[in-house]
Amino acid sequence: QVQLVESGGGLVQAGGSLRLSCTASRWTFATFHMGWFRQAPGKEREFVAAVSVSDEPTVYADSVKGRFTISRDNANNIMYLQMSRLKPEDTAVYYCAAGQLLTYSHLDAKWWGQGTQVTVSS
C-alpha cells in the first residue's frame, strides 16, 4: 500500500555532510507523517527524526539535534534528511518510514523503505 524508496547514502569523513532522500507517492505524502530511523550493526533500530504531514512540527532524537534537518518537498513527493557534522557513531543503515501517529519524541512507523547505508570514517 505504501512504498518508500530511500537513497543518498555513502561514505563520508567525520565532520562532513550527506543528504538522504525518500520518495513516495503523492497520496502517501498527503496522508502520513514521515521520518527516519537507523540501525547500526548489533544494535536495535532507533528513531532519528520525523516531520508531520502538515510540515510542522518536526521531531528529533537528542543525538542528532542541531546536526540533522528533516524536511518535506510536497510538490515533488520527496522527504530529505540533511546530515551535517557527521560522527562515526552516525554509521548505520538509514530507513525511511511513514506512520499515522507522531508524538513529541517518536514516530509510530508502520511502513518502511529498504534502507541506505551511511558510513562515517574517523
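The values are calculated or read from the model by the stated rules, or taken from the named source; none is laboratory data. Treat the numbers as computed from the prediction; the structure is a model and nothing was measured. Heads up, the Cβs are rebuilt from the backbone with ideal geometry, glycines too, and the neighbour counts pull from every protein chain shown. With ligands, DNA and RNA removed, areas are computed over all heavy atoms of the protein, side chains included. Shrake-Rupley method; radii C 1.70, N 1.55, O 1.52, S 1.80 Å.
Projecting label points 7 angstrom from Cα along Cα→Cβ for Gln13 and Glu89 puts them 2.2 nm apart. Positive-end ranking of Ser17, Tyr94, Met79 along the dipole of the chain, with charges on Cβ about the Cα centre, is headed by Ser17. Comparing mean-square fluctuations of Leu20, Leu101, Leu86 from a GNM of the chain with C-alpha springs under 10 Å, the top value falls on Leu101. Its DSSP H runs of at least 4 residues, each contributing -39,500 (n - 2.57), put the calculated 222 nm mean residue ellipticity of the chain at -1000 deg cm²/dmol, to the nearest 500.
Mean sequence separation of contacting Cα pairs (under 8 Å, at least six apart), scaled by the length of region 1-79, corresponds to a relative contact order of 25 percent. Computed from point charges on the beta carbon alone (+1 for Lys and Arg, -1 for Asp and Glu), the dipole magnitude for region 72-122 about its Cα centre is near 40 Debye. Dipole orientation for the chain: of the candidates Thr31, Gly42, Val2, Gly42 has the Cα lying most toward the positive pole (charges on Cβ; Lys, Arg +1; Asp, Glu -1). Placing +1 on the Cβ of every Lys and Arg and -1 on the Cβ of every Asp and Glu, with nothing else charged, gives the chain a dipole about its Cα centre of roughly 160 debye.
Taking the Cα centre of region 2-53 as reference, the dipole from Cβ charges on Lys and Arg (+1) and Asp and Glu (-1) amounts to some 60 debye. Here the ratio of the Cα radius of gyration of the chain to 2.2 N^0.38 Å is 0.97.
Taking only protein heavy atoms and a 1.4 Å probe, the accessible area of region 1-119 is 47% carbon and sulfur.
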